[in-house]
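Data first, discussion second: the structure below is written as structure tokens.
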Amino acid sequence: MTGPVGIALIGMGWWGQKILNVLQAAPADIRVVRAIEPNIESVKAVCAQKGVPLSANYADALNDPTVDAVVLATPHALHEAQIEAAVAARKHVFCEKPLALTKAGAEKAVALCRDAGLVLGMGHERRWEPPIAQMLAKADAGDLGRIHQIEANFSHDKFLSLDRNNWRLKADQAPAGGMTATGIHLLDLSVRLLGPAESVLCICEQLSSDLPQGDTVAAYVKFRKGGTSYVSASLANPFMSRFTVYGAKGWIDIRDKAHVEAPAGWIVTSAMVGGPIATVDIPPAEPVKDNLVCFARAVRGVEAYPITAAQLVDNIALLESVFASALSRKIEAVA
């Protein structure tokens with residue numbers, strides 16, 4: 001196939017609208033040809049302004065021949081069934097995180113897409129942030145030496161204003177505080193750098209809000225091949241996003257100036273063995289768009305999508321054990 005990849009946005013809430021907006025400035029690789037939202041009235045004006053056909057039923061996207069791929073910005077517990085339906089309809093899939101809530105669910109999604117020859121993309125846009133991409137390249141090249149440890153935090157207070165019946169605050173959709181909202185991005189990067197996890201200890205508490213699944217979560221992860229990662233997230237303090245990796249030859253600390261909803265750039269501090277500590281400013285970029293463009297190019301066979309099937313499964317295996325540890329408050333093995 002040639003030409004832009006036609007996508008249907010499934011779910012037009014906060015993040016679905018973010019995706020619609022960034023793709024207005026995307027290159028010719030990808031275009032939105034349909035939107036699906038059960039609560040049509042809430043986004044009718046937005047879609048009309050953008051010239052995007054809107055309907056309420058997922059089947060409308062699956063039956064539309066102009067739709068090459070679906071982008072799932074839907075409640076977490078719906079992902080497995082929606083991916084299965086998309087594969088049956090021969091549609092490529094881009095899924096917002098998390099892919100599934102269990103390792104078994106992730107394995108099924110990956111296998112379905114692989115066996116059908118379909119691309120499975122993932123909303124881990126942090127990998128496309130320029131300083132993160134540069135850090136991963138340095139790690140892959142061995143410039144940082146043996147990776148010892150990761151420290152990371154991704155917090156915001158955007159959910160304090162949500163109705164307490166919102167799906168993002170439900171135990172069956174988003175257990176363990178902010179782990180499915182923000183922490184999972186840090187787990188993904190940790191798995192990308194250190195491989196499959198061996199065990200995890202997670203503490204989730206409700207400290208300064210009435211958020212039903214807790215507002216503060218921290219997980220300490222041990223990896224099978226050595227190394228550790230400390231991942232933390234709050235849903236009740238002002239925005240903070242920091243990712244720091246420590247290696248035998250150097251370390252890099254990356255801090256976002258603003259939430260990826262409206263990127264404002266990054267502050268990167270680093271040091272290599274024998275060298276000074278240096279700090280540089282990185283200008284804004286749009287990693288949400290760049291991830292989706294990369295997905296579209298993979299659909300067209302131009303380039304391989306960089307998040308591997310093994311990484312997708314390993315991340316959800318770790319997430320499932322995080323959930324278990326948050327309940328038990330004990331160290332849990334990762335399957």
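If the only charges are +1 at each Lys and Arg Cβ and -1 at each Asp and Glu Cβ, what is the size of the charge dipole of segment 89-165 around the Cα centre, to the nearest 20 debye?
300
With just the Cα atoms of segment 206-253, tell me how far they stretch along each of the three principal axes, in Å, largest first.
On the principal axes, segment 206-253 reaches 43, 24, 10 Å in Cα extent.
Could I have the simple spin-label model distance between residue 164 and residue 104, label points 7 Å from Cα toward Cβ, reported in nm to one decimal?
3.3
Find the all-direction average of the projected area of the Cα convex hull for segment 53-99, expressing the result in square nanometres with one decimal place.
3.1
Given points 7 Å out from each Cα along the Cα-Cβ axis, report the residue 40 to residue 148 separation in nanometres with one decimal.
6.0
Please list, by residue number, everything in segment 92-113 whose backbone N is under 18 Å from a paramagnetic label point 7 Å out along Cα→Cβ of residue 333.
The answer is 103-104.
So what is the accessible area of segment 177-335 per residue, in Å², with the probe set to 1.4 Å?
40
When ranked by the protection proxy of mean other Cβ atoms within 10 Å per residue, highest first, what sequence do the peptides 41-51, 303-313 form?
Ranking, from highest mean packing down: 303-313, 41-51.
Apply the a/c threshold of 1.5 to the C-alpha gyration tensor of segment 115-222 and tell me whether it is rounded, prolate or oblate.
It is prolate, given that a/c is not under 1.5 and a/b is the larger ratio.
When the distances between all Cα atoms of segment 70-168 are binned every 10 Å from zero, what whole-number percent does each bin get?
13, 32, 30, 23, 3
For each pair in 138/249; 50/97; 222/330, compute the distance between the two Cα atoms and list the pairs where it is over 19 Å.
Beyond 19 Å between Cα atoms: 50/97.
Treat each spin label as a single point 7 Å out from the Cα along the C-beta direction, and report the residue 140 to residue 220 distance in nm.
Result: 3.2 nm between the two label points.
Hey, any idea what the orientation-averaged projected area of the convex hull of segment 1-154's Cα atoms comes to, in nm²?
Over all viewing directions, segment 1-154 projects a mean Cα-hull area of 11.2 nm².
Which peptide among 213-226, 189-202, 151-164 comes first, and what is the full order, when sorted by highest mean count of other Cβ atoms within 10 Å?
189-202, 213-226, 151-164
Mind checking the log10 I(q)/I(0) for segment 1-73 at q = 0.11, 0.20, 0.21 Å⁻¹? Debye, one equal scatterer per Cα, no solvent, two decimals.
-0.22, -0.76, -0.84
Quick one: among 138, 97, 257, which has the greatest mean-square fluctuation in a GNM of the chain with alpha-carbon springs under 10 angstrom?
Among 138, 97, 257, the largest GNM mean-square fluctuation belongs to 138.
At q = 0.14, 0.15, 0.23 Å⁻¹, what is the base-10 log of I(q)/I(0) for segment 257-335 according to the Debye formula with one equal point scatterer per Cα and no solvent? Please give it to two decimals.
-0.90, -0.95, -0.94
Under a cut-off of 12 Å between alpha-carbon atoms, report the aspartates and glutamates in cross-link reach of residue 158, not counting same-chain residues fewer than 8 places apart.
Candidates past the 8-residue exclusion: 215, 261.
Taking the inverse of the average 1/r across all pairs of different Cα atoms in segment 97-140, what Kirkwood radius in Å do you get? Working shown, then result.
Details: mean 1/r = 0.0818 Å⁻¹.
Over segment 97-140, the inverse of the mean reciprocal pair distance is 12.2 Å.
What do you get for Rg/Rh over segment 164-240 if you use C-alpha atoms and the Kirkwood form of Rh?
Value, to two decimals: 1.01.
Report the antiparallel proportion of the DSSP beta bridges in the chain as a percent, rounded to a multiple of 5.
Rounded to the nearest five, the antiparallel share is 65 percent.
Using a 1.4 angstrom probe on heavy atoms only, work out the carbon and sulfur share of the accessible area of segment 284-335 in %.
For segment 284-335, the apolar C and S fraction of the accessible surface comes to 56 percent.
Taking just the C-alpha trace of the chain, give me its Rg and Dmax in Å.
19.5, 60
Which lysines, on any chain, are close to residue 91 with Cα under 21 Å apart, when same-chain ones fewer than 8 places away are left out?
108, 289
Among 274, 301, 142, determine the one that fluctuates most according to a GNM of the chain built with springs between C-alpha atoms less than 10 Å apart.
274
Which three extents, in angstrom, do the Cα atoms of segment 1-41 have along their principal axes, listed largest first?
33, 19, 12
Just from its helices, what would the mean residue ellipticity at 222 nm be for the chain, if runs of 4 or more DSSP H residues each count -39500 (n - 2.57) and the sum is divided by every residue, rounded to the nearest 500 deg cm²/dmol? Don't skip to the answer; put the middle values down first.
On the way: 9 runs with 102 residues, N = 335.
Helices in the chain give a 222 nm mean residue ellipticity of -9500 deg cm²/dmol.
So, for segment 1-141, what is the accessible surface per residue at a probe of 1.4 Å, expressed in square angstrom? Numbers along the way, then the final one.
Details: 5570 Å² over 141 residues.
Using a 1.4 Å probe on heavy atoms only, each residue of segment 1-141 averages 40 Å².
Rounding to the nearest 20 debye, state how big the charge dipole of segment 36-152 is about its Cα centre with +1 on each Lys and Arg Cβ and -1 on each Asp and Glu Cβ.
Using only the charged Cβ atoms, the result is roughly 180 debye.
Relative to the Cα centre, what is the charge dipole magnitude of segment 183-335, using +1 at the beta carbon of each Lys and Arg, -1 at the beta carbon of each Asp and Glu, and rounding to the nearest 20 debye?
So the magnitude is around 460 debye.
Taking just the alpha carbons, could you work out the radius of gyration and Dmax for segment 189-335, both in angstroms?
17.6, 49
Which aspartates and glutamates does residue 257 reach when only Cα atoms under 18 Å apart count, and residues fewer than 8 places away in its own chain are ignored?
Residue 257 reaches 125, 129, 151, 157, 281, 286.
The values are calculated or read from the model by the stated rules, or taken from the named source; none is laboratory data. All values reported here derive from a predicted model rather than from experimental measurement. Cβ atoms come from the backbone with ideal geometry, glycine included; neighbour counts cover every protein chain shown. Keep in mind that these areas ignore ligands, DNA and RNA; they rest on the heavy atoms of the full protein, side chains included. Shrake-Rupley method; radii C 1.70, N 1.55, O 1.52, S 1.80 Å.
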